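The next block holds one structure in the form of C-alpha cells; read it before the comments.
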Amino acid sequence: MSEFGKRLIEQGIINADQLASALRRQRTSGGRLGQNLKALGFIRDEDVDKVFHRVPLPPRTLQETGLDQALVEGLLLKQMLVLGEFRLNDLSQRLKLPASVIEQELADLKREHLVEVKPAAGMTTLAYEFRLTGQGRAKANSHLEQCRYVGPAPVPLDAYAEQVEIQTVRSIAVTEPDVLAALGHLVLPERTVHQLGPALSSGQALFIYGPAGNGKTSIAEAVSHILRDAVYVPYAICVGEQIIRLYDPINHELVDSGDDPLRSDQRWLQVRRPVVMTGGELTLRMLDLDFNEQSKFYDASLQLKANNGLLILDDFGRQLVEPHLILNRWIVPLDRRVDFLTLHTGMKFAVPFDMLMIFATNLEPKALVDDAFLRRIRYKIKVGHPSASDFRQIFELVCQQRGVRFDAKIFDWMVREYYITGARHFSASHPRDLVDHLVSHARYFDRPPEMTEATVRFACESYFVH
C-alpha cells in the first residue's frame, strides 16, 4: 500500500475498498493515485491538501522531541555558555523548544549543581535569571569539544523522513495551465511544451539536451515557478548523537507560515519548495555530508537540501568529475527514491531522495551516459535551434524589454548578412546578447539605443567570432 493511500485510510477520508478500486484504475489508466481517486469521486482537492500539508506539532515533553537527554543537555549547556546570564524564554527561543520542555531539563541541571538561579522581582519561573556554575561551565566546554553546534535543537532522522514523505514532490498536481504559465515568458516550439508537461507531471527525472544558448537552463529555472507551495524544513537533523545542519538560507526561501508558535514545532521552518542548482562546480564531495573537523558537526549534502523540491544539474558533462561517476552515485536513489549517506565514523544510513531532478547539457547524451542510465531517466527532451519565426519573436521581445524600437528592415538585413550568408544557426540567446550590445554602445555615446545598420553591424562584429 502506498504511503498516500495509507494516510487517507488512517484519516478516514477513504476506505480500503475505495483504495483498491483506485489502484485497479491506476493499473489500467495510469496517472497518480490521487488523480484516480478524484476521478472516481472518492476524494477532493482539499482532502489531498489535508494529507500532504501537515504542520509539525510542538513537543510537550523531552520524550516527544525524539531526542536523547544527553544531546539536549549538551545543547542547553553550550547555549548557556554563550549567553552568560539568561532566562527561560531566552533558551526556548534559541533552541526552538517549548519553555515547558526546557523547564524540565533546567530542574535536572539545578539538582546536579550545573546551573544556579537568581530570582527576579516577579518570582515566577519565567522571570528567573540563570547562570552556569563553575562545574556547569566546565561541562559546557566539554560538550563544545565534542561538537561546536550551538543553535536550534535538531529533529530526529525518522521524524524528518516522515515529514518528507508527507509533503513529497510527487503530490504536486501539474496541469497544462500550470506549465503554460511557467513557460509563458519563453518562446518555445509547441512540441517542446507538450513534451515538458507530461514529464513534469510524472515527477520523474528529466534530461534536457541540445545546442548551447537555446533555453535549456531557462526552461529548468522556469519549472521552479510550478513548485510554489510551501513545505517544512528543519534547522537540523540528528542521527544518533551526530548533528547535520540542513536549513540553508541560499536554497530555502522562507515564507510567512502564519502558524501559531504554540501550535507548531519551532524546530521546523516553512519554506518554498527548494530549488537547488549546480553546474560545472559540482564535485562528488558535494553529494556527501560535509563534516567539519573543527566544529564537529555536518552540513547537509546538495540533494538533502533539495528534498521535496527541484534539483537542477546544469552544464552536465562540464564538471571536473567524469560524468559516469556522478551518474553512478545517483542510479540507486533515482530508482528507489532513497539515498544512503555516511558519517565520518563509517556508519551508513538511509535518507529520502524526493525531488524533481533535471539534467541539462549541450553535449550528446550518448557520449555522456550509457543506456542503463538513460533508461532510468524516462523523459529526454531535445531543445534545438529556434525557427526563423521564433527567432524574430524572441528578438522583438528582447527589444521591448530593453526599450529599443524593433526595426523589421534592419532585422531582415541582419539575418541575411550574418546568418544566411554567414551560414550561422539561429540561437535563442543571440537576441539578448546583441541587443545588450546595442544598449551598451548607446550608453557609451550618451544617446538612445536604436536599431540601425551601423549599430547592428557594430553589435554583430563585436559578438560573433569570424
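The values are calculated or read from the model by the stated rules, or taken from the named source; none is laboratory data. All values reported here derive from a predicted model rather than from experimental measurement. Note: ideal-geometry Cβ built from the backbone for every residue, glycine included; neighbour counts use all protein chains shown.
So is residue 242 at pLDDT 90 or above and under 18 Å from residue 163 (Cα atoms) or not?
On the way: at pLDDT 90 or above: yes; under 18 Å from residue 163 (Cα atoms): no.
Criteria not met by residue 242.
Is it the case, given these coordinates, that residue 145 is at pLDDT below 90, among the charged types (D, E, K, R) and over 30 Å from residue 336 (Cβ atoms)?
no
Would you mind finding the one in 454, 442, 459 that is free of Cβ contacts under 8 Å to residues at least 40 places away in the same chain, under 39 Å from the mean Cα position of the chain (by Cα) and farther than 30 Å from residue 160 by Cα?
Result: 459 is the single residue among 454, 442, 459 that is free of Cβ contacts under 8 Å to residues at least 40 places away in the same chain, under 39 Å from the mean Cα position of the chain (by Cα) and farther than 30 Å from residue 160 by Cα.
Quick check on my filter: what residues within the stretch 423-439 are farther than 16 Å from residue 389 by Cα, touching a helix residue (DSSP H, G or I) at 6+ places or on another chain (Cβ under 9 Å) and not charged (D, E, K, R)?
434, 435, 437, 438, 439
Would you list the strands (runs of 3 or more DSSP E) that sit entirely within the stretch 342-447 and hold 1 or more residues that are hydroxyl-bearing (Ser, Thr, Tyr)?
355-361, 379-382
Based on this model, can you work out whether residue 320 counts as of a type in the set (A, V, I, L, M), modelled with pLDDT under 90 and assigned to a loop (DSSP other than H, G, I, E, B)?
yes
State whether the residues of the stretch 156-170 include one that is assigned to a helix (DSSP H, G or I), closer than 19 Å to residue 378 by Cα and in contact (Cβ under 8 Å) with a residue 40 or more places away in the chain. Before you say what the answer is, go through the steps one by one.
At the first step, the residues of the stretch 156-170 found to be assigned to a helix (DSSP H, G or I) are 157-166, 169-170.
Among the residues that remain, those that are also closer than 19 Å to residue 378 by Cα are: 169-170.
Now drop any that are not in contact (Cβ under 8 Å) with a residue 40 or more places away in the chain, which leaves 169-170.
Yes, the stretch 156-170 contains at least one residue that is assigned to a helix (DSSP H, G or I), closer than 19 Å to residue 378 by Cα and in contact (Cβ under 8 Å) with a residue 40 or more places away in the chain.
Quick check on the stretch 394-410. Is at least one of its residues touching a Cys at 6+ places or on another chain (Cβ under 6 Å) and either loosely packed, with under 11 Cβ neighbours inside 10 Å or touching a residue at least 40 places away in the same chain (Cβ under 8 Å) (or both)?
Within the stretch 394-410, one or more residues are touching a Cys at 6+ places or on another chain (Cβ under 6 Å) and either loosely packed, with under 11 Cβ neighbours inside 10 Å or touching a residue at least 40 places away in the same chain (Cβ under 8 Å) (or both).
Which of the residues spanning the stretch 252-296 are in contact with a Leu (Cβ under 8 Å, 6 or more places away or on another chain), in a loop (DSSP other than H, G, I, E, B), among the hydrophobic types (A, V, I, L, M, F, W, C) and at pLDDT below 95?
Listed by number, the list holds a single entry, 282.
Somewhere in the stretch 177-197, is a residue surrounded by fewer than 20 Cβ atoms within 10 Å (Cβ to Cβ), modelled with pLDDT under 85 and either over 30 Å from residue 93 (Cα atoms) or of a type in the set (A, V, I, L, M) (or both)?
no
Give 392, 432, 375 a once-over and let me know the one that is over 16 Å from residue 186 (Cα atoms) and of a type in the set (Lys, Arg).
Details: 392 fails: over 16 Å from residue 186 (Cα atoms); 432 fails: over 16 Å from residue 186 (Cα atoms).
Exactly one of 392, 432, 375 is over 16 Å from residue 186 (Cα atoms) and of a type in the set (Lys, Arg), namely 375.
Which of (1) over 30 Å from residue 387 (Cα atoms); (2) outside any loop (DSSP other than H, G, I, E, B) is the odd one out, the single condition residue 222 does not satisfy?
(1)
Against the definition (under 30 Å from residue 374 (Cα atoms), outside the structural domain of residue 240 (by TED's automatic domain parsing) and part of a helix (DSSP H, G or I)), how does residue 181 come out, yes or no?
Values: under 30 Å from residue 374 (Cα atoms): yes; outside the structural domain of residue 240 (by TED's automatic domain parsing): yes; part of a helix (DSSP H, G or I): yes.
When the stated conditions are applied, residue 181 passes them.
Looking at the structure I just gave you, is residue 246 farther than 30 Å from residue 188 by Cβ and within 12 Å of the chain's Cα centre (by Cα)?
For residue 246, the condition - farther than 30 Å from residue 188 by Cβ and within 12 Å of the chain's Cα centre (by Cα) - is met.
Within the stretch 455-465, which residues are part of a helix (DSSP H, G or I) and exposed (fewer than 11 other Cβ atoms within 10 Å of the Cβ)?
Selection gives nothing.
From 375, 329, 318, grab the single residue that is farther than 19 Å from residue 245 by Cβ, charged (D, E, K, R) and free of Cβ contacts under 8 Å to residues at least 12 places away in the same chain.
375 is the lone residue from the list that is farther than 19 Å from residue 245 by Cβ, charged (D, E, K, R) and free of Cβ contacts under 8 Å to residues at least 12 places away in the same chain.
Within the stretch 107-121, identify whether any single residue is touching a strand residue (DSSP E or B) at 6+ places or on another chain (Cβ under 8 Å), crowded, with 16+ Cβ neighbours inside 10 Å and assigned to a loop (DSSP other than H, G, I, E, B), and answer yes or no.
For the stretch 107-121, residues touching a strand residue (DSSP E or B) at 6+ places or on another chain (Cβ under 8 Å), crowded, with 16+ Cβ neighbours inside 10 Å and assigned to a loop (DSSP other than H, G, I, E, B): present.
Here's a check for you: in the stretch 225-246, which residue that is in a loop (DSSP other than H, G, I, E, B) and hydrophobic (A, V, I, L, M, F, W, C) is nearest to residue 150 (Cα to Cα)?
Once the filter is applied, the top-ranked residue is 246.
Could you list, in sequence order, all residues of the stretch 398-421 that are of a type in the set (A, V, I, L, M), touching a helix residue (DSSP H, G or I) at 6+ places or on another chain (Cβ under 9 Å) and farther than 13 Å from residue 434 by Cβ? Show your work before the answer.
Of the stretch 398-421, the ones of a type in the set (A, V, I, L, M) are 398, 404, 408, 410, 414-415, 420.
Within this subset, residues satisfying the condition of being touching a helix residue (DSSP H, G or I) at 6+ places or on another chain (Cβ under 9 Å) are 398, 404, 408, 410, 414-415.
Of everything in the stretch 398-421, just one residue is of a type in the set (A, V, I, L, M), touching a helix residue (DSSP H, G or I) at 6+ places or on another chain (Cβ under 9 Å) and farther than 13 Å from residue 434 by Cβ, namely 408.
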